[in-house]
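> Structure incoming, see below.
The values are calculated or read from the model by the stated rules, or taken from the named source; none is laboratory data. In this text the structure is predicted, and so the values were computed from the model without any measurement. So basically every Cβ, Gly included, is an ideal-geometry build from the backbone, and we count neighbours across all protein chains shown.
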Amino acid sequence: MNDIDFYLVVHYPAAINDFREIIMKNFAIPARKFLAALGGLWILGFPALAQEVNLYSARHYESDKTLYALFEKETGIKVNVVSANAPELIERIKREGEATNADLFLTVDGGVLHTARNAGILQPVSSPAILQNVPAALRDRENHWIGITTRARVIVYSRARVRPDALSTYEDLASPKWKGKLVARPSSGLYDQSLLASLIALNGEEKARMWVKGVVANFARPPKGNDRSQAKDIAAGLADVALMNTYYIGQMLNSKDPEEVKAAQEVGLFFPNQKTTGAHQNISGVALTKHARNRENAIRFIEFLTSVPAQERLSADNYEFPTNPKARKHPLLERWGTFRTQDIDFSELSKHNATAIRLFAEGGWK
Ligand SMILES: [Fe+2]
């Protein structure tokens, strides 16, 4: 390795990654293998370089950066992050194969985690600390992924115009009593795709199809925006009910933007299906990639993420529910109280994703 290479590796690991990517894309297989081996030699030759971990993340929350910095401070292991959406990252890890830079894959959605597992890009972890931190129900059956937080998709409603006792279930949102009173985001969003997938798993495809039709008939406007926009539209008087992930209420109530705070104060949060199938719970998780080069560092990172202090940070900064039962929830989440969640395997979300997308299209939920 010459001085320039050494300088780049030490000071600009990202530049070297880009360089490797260009080489990987353009060289024939034997050359790729040679370069992959060379990559290994770099690490062997410079032990200091091994003190890093490469994370491919599809999470989009500011709070995660604080955690990476904490981990770096605590362990001296540098966290290099590649951000993109989950399907892109899964494709990339698959394409890179043995030469992948990814040690860890981090994403929201249990269905996506299952898809990654099925793509053959993950390997199980067996660290006793991790398995002790996270209950079995919140990790993959063979520990190919580990849940770090959960969230619920709930009904939000106008405090001014809706009495909470008028609310009951997701299914009820398809009732004509909400005609012209419901807003939603476009069905391209994974959150509603997974909600519908869960309804397919619990109620069957036919009932799910009718549910989409009923909800579409109640739209106050064509689907648009993100979760926060739905609360803003309710606050603006455009609609009375919508679906939202719990942590967005926390984010908005504590936002620097006064409009967001006001909107969040004007909506109430309702956990649906408490007397029936439970509220739709989804999960965010982290996984060790099959060809992780910084395996030990990656496992330390998962141990850190599932430890009580990191779990409490995730809840305090991003208003998510910790997966480690020993971690305290943010006081706002405490106030929401305990609630019943759907009793389905997270793999069901992936199993019914294609059907959910089809039912949205057929029902006219754009
Ligand atoms: Fe989100």
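> Where in segment 174-239 are there helices (runs of 4 or more DSSP H), lying fully within it, with 2 or more residues that are surrounded by 22 or more Cβ atoms within 10 Å (Cβ to Cβ) and within 16 Å of the ligand (Cβ to nearest atom)?
Details: elements: 190-203, 205-217, 227-235.
Hits in segment 174-239: 190-203, 227-235.
> Give Ser255, Ser315 a once-over and let me know the one that is crowded, with 17+ Cβ neighbours inside 10 Å and among the small types (Gly, Ala, Ser).
Details: Ser255 fails: crowded, with 17+ Cβ neighbours inside 10 Å.
Matching residue, one of Ser255, Ser315: Ser315.
> Got a number for residues in segment 271-319 being touching a helix residue (DSSP H, G or I) at 6+ places or on another chain (Cβ under 6 Å) and within 17 Å of Gly337 (Cα to Cα)?
Residues flagged as touching a helix residue (DSSP H, G or I) at 6+ places or on another chain (Cβ under 6 Å) and within 17 Å of Gly337 (Cα to Cα) within segment 271-319 amount to 2.
> Another one. Starting from segment 118-134, take each residue that is acidic (Asp, Glu) and list its partners that are not in a loop (DSSP other than H, G, I, E, B), counting only C-beta distances under 6 angstrom and pairs at least six apart or across chains.
none
> When you look at Asp257, is it away from the ligand (no atom under 16 Å from the Cβ), within 16 Å of Asp192 (Cβ to Cβ) and modelled with pLDDT of 95 or more, yes or no? Write out each step before concluding.
On the way: away from the ligand (no atom under 16 Å from the Cβ): yes; within 16 Å of Asp192 (Cβ to Cβ): no; modelled with pLDDT of 95 or more: yes.
Answer is no for this residue.
> Looking at segment 290-332, which of the residues that are in contact with an Asp or Glu (Cβ under 6 Å, 6 or more places away or on another chain) and not in a helix (DSSP H, G or I) is nearest to Ile155 (Cα to Cα)?
Narrowing segment 290-332 to residues in contact with an Asp or Glu (Cβ under 6 Å, 6 or more places away or on another chain): 291-292, 294, 298, 314, 327-328.
Applying the additional criterion that residues be not in a helix (DSSP H, G or I) yields 291-292, 294, 327-328.
Values: His291: 41, Ala292: 40, Asn294: 42, Ala327: 26, Arg328: 24 Å.
So, considering only residues that are in contact with an Asp or Glu (Cβ under 6 Å, 6 or more places away or on another chain) and not in a helix (DSSP H, G or I), the one nearest to Ile155 (Cα to Cα) is Arg328.
> For Ala310, work out the one condition from (1) over 30 Å from Val241 (Cα atoms); (2) out of contact with any strand residue (DSSP E or B) (no Cβ under 9 Å at 6 or more places or on another chain) it doesn't fulfil.
(2)
> Name every residue in segment 55-100 that is part of a loop (DSSP other than H, G, I, E, B) and more than 16 Å from Ala116 (Cα to Cα), in order of residue number.
Let us first name the residues in segment 55-100 that are part of a loop (DSSP other than H, G, I, E, B), namely 58-62, 76-77, 84-85, 100.
Answer for segment 55-100, where residues must be part of a loop (DSSP other than H, G, I, E, B) and more than 16 Å from Ala116 (Cα to Cα): His60, Tyr61, Glu62, Gly76, Ile77.
> Please enumerate the residues belonging to segment 275-287 that are crowded, with 24+ Cβ neighbours inside 10 Å and touching an Asp or Glu at 6+ places or on another chain (Cβ under 9 Å).
The answer is Asn282, Ile283, Ser284, Gly285, Ala287.
> Against the condition within 26 Å of the chain's Cα centre (by Cα) and more than 22 Å from Ala152 (Cα to Cα), how does Pro176 come out, does it pass? Write out each step before concluding.
Values: within 26 Å of the chain's Cα centre (by Cα): no; more than 22 Å from Ala152 (Cα to Cα): yes.
Here the answer is no, as Pro176 does not meet what is asked.
> Let me ask something additional. For Pro135, are the conditions met, namely being farther than 30 Å from Tyr170 by Cα and in contact with a strand residue (DSSP E or B) (Cβ under 9 Å, 6 or more places away or on another chain)?
So Pro135 does not fit the description; no.
> Let me ask something else. Residue check, Lys290 against (1) farther than 23 Å from Ser347 by Cα; (2) touching a Gly at 6+ places or on another chain (Cβ under 8 Å); (3) of a type outside the set (A, V, I, L, M), all met but one. Which one?
Tallying (1) farther than 23 Å from Ser347 by Cα; (2) touching a Gly at 6+ places or on another chain (Cβ under 8 Å); (3) of a type outside the set (A, V, I, L, M), Lys290 fails exactly one: (1).
> When the residues of segment 240-253 are narrowed to those that are under 22 Å from Val108 (Cα atoms) and either of a type in the set (S, T, N, Q) or assigned to a loop (DSSP other than H, G, I, E, B) (or both), which ends up farthest from the ligand (Cβ to nearest atom)?
Applying the filter and picking the extreme gives Thr246.
> Going by the conditions given, is Ile130 over 13 Å from the mean Cα position of the chain (by Cα), crowded, with 19+ Cβ neighbours inside 10 Å and not assigned by TED's automatic domain parsing to the domain that holds Ser315? Step through it out loud before you land on a result.
Values: over 13 Å from the mean Cα position of the chain (by Cα): yes; crowded, with 19+ Cβ neighbours inside 10 Å: yes; not assigned by TED's automatic domain parsing to the domain that holds Ser315: no.
Taking the combined requirement at face value, the residue does not satisfy it.
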